[in-house]
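Comments concern the structure below.
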Amino acid sequence: MICSYFSFASSAEFNLFLKENAWWMALSVAILILGVVLLFLLLPPHKKKGKKEEPLKIESESSMEALGGKANVLGHQRKGHRIEIELQNAELVNKEALKAMGVSSFVLMSNKMTMVIQEDPEGVEKALFGE
């Protein structure tokens, strides 16, 4: 035989091998898992390198027109990177104009629209509603 250390003639020999080396195998797996967890905890998160973009310059009048006018907006609420807007008529919303203002995506459900803004959600909210 080339390697007699790992060749087992019967299952009894394999069971004996496991009994003799179970602690070492369990300890090795535990150390490996602990090492991977520590590696992820101790390494700093990867930051994207790139140019810092200038904040978007949004005119309040044109931004409100993208939502269908001031009379079309019944209410709004910002939650993190989302702005939820209650609309009177959802068909008046200009989606292309909103994307040009920095809105990443939006979900339109009957008369409620949720906009997702990746960069500067506070600035977009101030430009839209003047708050």
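The lone criterion from (1) at pLDDT below 85; (2) outside any helix (DSSP H, G or I) left unmet by residue 61 is number (2). Note on region 87-109: among residues that are surrounded by 15 or more Cβ atoms within 10 Å (Cβ to Cβ) and in a strand (DSSP E or B), the one that is modelled with the highest pLDDT is 87.
The values are calculated or read from the model by the stated rules, or taken from the named source; none is laboratory data. What you are looking at is a predicted structure, and each value in this text was computed from that prediction instead of being measured. Positions of Cβ are generated from backbone atoms using ideal geometry, with glycine treated the same way; all protein chains shown enter the neighbour counts.
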